[in-house]
Amino acid sequence: MKIVVCIKQVPKSDSVKIDPKTNNMVRDNVEGVINPFDKNAIEEALRIKDQLGGEVILLSMGPDGYMSSLRDGLAMGADRAILLSSRAFGGADTLATGYPISQAIKKIGGVDLVLLGRQSVDADTGQVGPIVAEYLNVPQVTFAEELRFVDEHTLYGQRLLDGATQSVQVTLPAVVMVRSELNTPRYETPVNIQTSFEKPIDVWTEHDLDLDATRIGQAGSPTTVQKVYAPKREGRQTVQLSDDSATAVKELLARIRN
Amino acid sequence: MENQEKMAASMLHRMVREFTENELAPLDMEIDAQGDYPQGLFQKVIDNGLLTMTLPREYGGAGFSYDSVAKAIHLMAIGNASMAVTLEGHFKTLEQLLKYGDQRLKDEYLTSAAHRIFAFSQTESSGGSNPRGIATRAVKSGDDWIITGDKIMITNGGLAQVYCVLAKTEDDQMAVFVVDQDMPGFSFGKREDFIGLRGTPVGEIVMDHIKVPGYHLLGQIGQGLEIGNNAHDDARILMGAVLTGIMEHELQIAVDYSKQRKALDTPLYELQTIQEKISEIAIARQNTELLYQHAAQLKITGQSYAQVAAMAKSYGSRAAVRCGDMALQVLAGYGYSREYPIEHLIRDARAMEIAEGTVERMSGEIALKQVNQ
Ligand SMILES: Cc1cc2nc3c(=O)[nH]c(=O)nc-3n(C[C@H](O)[C@H](O)[C@H](O)COP(=O)(O)OP(=O)(O)OC[C@H]3O[C@@H](n4cnc5c(N)ncnc54)[C@H](O)[C@@H]3O)c2cc1C
Ligand SMILES: Cc1cc2nc3c(=O)[nH]c(=O)nc-3n(C[C@H](O)[C@H](O)[C@H](O)COP(=O)(O)OP(=O)(O)OC[C@H]3O[C@@H](n4cnc5c(N)ncnc54)[C@H](O)[C@@H]3O)c2cc1C
């Protein structure tokens, strides 16, 4: 089983500051840690490897400072790591993050399973996983709280949603976004900490990937952040759309426009 | 390379801090009340590789330097001093096997040190501070030794599987042998009902004509006291670390309480009498940390460290007891209650005025060194 785990480094404290001018996060001088849900993803990958054998590869897109989080993931027991790092990737939105990540996964080759966290705790969109799945054109399971192999090629997943659970089954290769309910991440061990320095962390730039250069970085990002605020939480009625997808899309658009 | 070592050490310290906060600190009061580690806790320590910290890489260990490990012990002791002392006992013993052991012995035994505890036993009912008074005998029989005797008050006695044993030969020379609990003639005696460090098992082993192979001798015949003293020196560095952790715990409790509690309208920390106690504890904690770290630095750079190690333990143990008393006074009635951990921190710290050489014996050692310099 060849498993890629996508990890993002997030600021340690919950007190993330936003630059009022650019509306971007101030990321200088804050200690970075692995996004908590991504630790669950690493844990799950290691358990699958313990059970079925194979390789666990960590993949992250970010500046040099992300190295320390990759090292932490290696100290949990992952086999190797790849950092997508270059000025050209900077300022990416979720689409321009998911695209190079999916191209990197294609380059790694022969990947059976891609695991991600359900969302990052700093930007919080939960979009990167689904975007990667779409670019790879493989099935996806979001919000997974339980995973089990039915056979070598089939994965059963239980999704924990607001007030409901849903059971799904996907054929590999697949992309899975995990929740913290899935497992308890292991500690790094003293021996694994030492061996993490012997495991490779490869750095790939845009030149190492087969990329459309207009779709990466800030320039390649169709969205920009205008304002950050906490949404009001209002209870709304759930509406069932028609089974026929063409009709359903029309119904949906009508509701969004209203 | 140096940078890598630093990064690895800081990862180790974060790991130990997390492990302590999640797994040990929440059980601190329970461990004291029950006088033992809860079922499965020690296995967690093993499963997370904490016995491997000092063990060199070639024996399957992590090979961290002694100063990094001392800091890890310090961090663990903030949450639970008993487990920190259990590890101290293991690590100081491994140091003696590494330094004095035959290669065959090391290959056979150190490779199991990631999941088996090692202990060092000198004390007997007839010899504590004065080890020449011991009665345990080692009698040569061909290539082997036959060991008979009774050792008491061994840190990790009963939990450990491998024991370094100080014995006297027929011609009254002192020597240390490595004895395995699986050897015929080996049995465990009683566990001490000590007032502090109540998680750490401290117990007795009984050796009835145990046949020990020749290569289980550490160093040479006649080197026994030197090895025992070296074990003390290594232990005292780590005890300085444990004591720093205990004082850090005492300090946290006193500081937190002084912020919450008011004397009429004034928070306690604004009162000079309380400030004096908090500052004393902070100074003593800092001093002990500097002492144990300095001793560890001397050790890893191949300089003599016995004197500073003795200072770390001697100063630290008295300070931690005294600071516990001051912290207790900050909390006053609550400090005197078993509901707060301070009273057990004082009992924990008190053990280290005795174990690994009494403070009186260390005063002697420190003073004579000054006089003879
Ligand atoms: C207000 C605001 C300001 C921002 N400012 C900046 C900025 O200044 N600079 C900047 O670079 N970004 C910035 N972004 C964030 C950027 O758009 C997202 O971080 C990035 O696209 C990932 O989206 P996300 O964090 O929402 O991930 P989500 O979709 O919530 O993450 C889900 C999972 O995807 C994976 N994943 C996410 N990101 C990565 C990654 N980089 N590498 C590998 N795996 C990943 C992880 O497994 C994660 O658990 C900002 C976002 C917001 C909302
Ligand atoms: C928690 C704990 C853990 C321990 N772990 C171990 C262990 O792992 N292995 C082990 O072998 N032992 C261990 N011990 C035993 C410990 O080393 C002895 O208790 C210690 O050496 C003192 O010996 P004693 O109790 O026989 O006291 P004694 O030697 O009888 O001392 C009684 C009093 O006389 C004083 N005194 C005696 N001789 C001198 C002297 N020469 N100079 C000045 N004052 C003197 C002492 O300071 C003390 O105040 C442990 C003890 C404790 C409390």
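The values are calculated or read from the model by the stated rules, or taken from the named source; none is laboratory data. Everything quoted here is computed from the prediction, not taken from an experiment. Cβ atoms come from the backbone with ideal geometry, glycine included; neighbour counts cover every protein chain shown. The area values use the complete protein model at the heavy-atom level, side chains included, leaving out ligands, DNA and RNA. Shrake-Rupley method; radii C 1.70, N 1.55, O 1.52, S 1.80 Å.
Return the residues of the stretch B:261-320 that are of a type in the set (D, E) and open to solvent by less than 40 Å² (accessible area, probe 1.4 Å); say none if nothing qualifies. Within the stretch B:261-320, B:E289 is the sole residue that qualifies. Filtering the stretch A:176-188 to residues that are more than 14 Å from chain B (Cβ to nearest Cβ) and either open to solvent by 20 Å² or more (accessible area, probe 1.4 Å) or basic (K, R) (or both) leaves A:R179, A:S180, A:E181, A:L182.
So which of A:P222, A:P173 ends up being away from ligand 2 (no atom under 16 Å from the Cβ), within 20 Å of the chain's Cα centre (by Cα) and buried (at least 17 other Cβ atoms within 10 Å of the Cβ)?
Working: A:P222 fails: buried (at least 17 other Cβ atoms within 10 Å of the Cβ).
Among A:P222, A:P173, only A:P173 is away from ligand 2 (no atom under 16 Å from the Cβ), within 20 Å of the chain's Cα centre (by Cα) and buried (at least 17 other Cβ atoms within 10 Å of the Cβ).
The residues of the stretch A:86-137 that are on the phi < 0 side of the Ramachandran plot, part of a loop (DSSP other than H, G, I, E, B), open to solvent by 30 Å² or more (accessible area, probe 1.4 Å) and touching a strand residue (DSSP E or B) at 6+ places or on another chain (Cβ under 7 Å), listed by number, are A:D112, A:R118, A:V121.
Of the residues making up the stretch B:1-22, those that are farther than 26 Å from B:E95 by Cβ and modelled with pLDDT of 95 or more are B:E18, B:E21, B:N22.
Considering the stretch B:47-78, and only residues there that are touching a helix residue (DSSP H, G or I) at 6+ places or on another chain (Cβ under 8 Å), of a type outside the set (A, V, I, L, M) and part of a helix (DSSP H, G or I), the residue that is surrounded by the most Cβ atoms within 10 Å (Cβ to Cβ) turns out to be B:H74. Set side by side, the residues A:T142, A:T223, A:T214 differ, and just one is hydroxyl-bearing (S, T, Y), within 12 Å of ligand 1 (Cβ to nearest atom) and either at pLDDT 95 or above or assigned to a helix (DSSP H, G or I) (or both), which is A:T142.
Checked against the criterion of being free of Cβ contacts under 8 Å to residues at least 40 places away in the same chain and within 11 Å of ligand 2 (Cβ to nearest atom), the stretch B:110-124 has at least one qualifying residue. Selection of strands (runs of 3 or more DSSP E) fully inside the stretch B:142-187 by the criterion of at least 1 residues being touching a Phe, Trp or Tyr at 6+ places or on another chain (Cβ under 6 Å) and closer than 18 Å to B:K92 by Cβ returns B:162-169, B:174-180.
In the set B:R322, B:R361, B:R350, only one residue is within 9 Å of ligand 2 (Cβ to nearest atom), under 17 Å from B:T244 (Cα atoms), more than 14 Å from chain A (Cβ to nearest Cβ) and in a helix (DSSP H, G or I); that residue is B:R350. Screening A:D38 against (1) without any contact (Cβ under 8 Å) to a residue 12 or more places away in the chain; (2) within 12 Å of ligand 1 (Cβ to nearest atom); (3) not in a loop (DSSP other than H, G, I, E, B) leaves a single unmet condition, (1). Per this entry, B:F91 is not counted among residues that are in a strand (DSSP E or B) and either within 14 Å of the chain's Cα centre (by Cα) or within 16 Å of ligand 1 (Cβ to nearest atom) (or both). The condition (being within 12 Å of chain A (Cβ to nearest Cβ) and at pLDDT 95 or above) is satisfied by just one residue among B:A33, B:A72: B:A72. Every condition in (1) more than 23 Å from B:V206 (Cα to Cα); (2) open to solvent by 20 Å² or more (accessible area, probe 1.4 Å) is met by B:Q122 except one, and the failing one is (1). If a residue must be more than 14 Å from chain B (Cβ to nearest Cβ), open to solvent by 20 Å² or more (accessible area, probe 1.4 Å) and among the hydrophobic types (A, V, I, L, M, F, W, C), how many such residues does the stretch A:56-85 contain? So the count comes out to 1. Do we find a residue being more than 14 Å from chain B (Cβ to nearest Cβ), under 23 Å from A:D38 (Cβ atoms), modelled with pLDDT of 95 or more and part of a loop (DSSP other than H, G, I, E, B) anywhere in the stretch A:189-199? No - not one qualifying residue is present in the stretch A:189-199.
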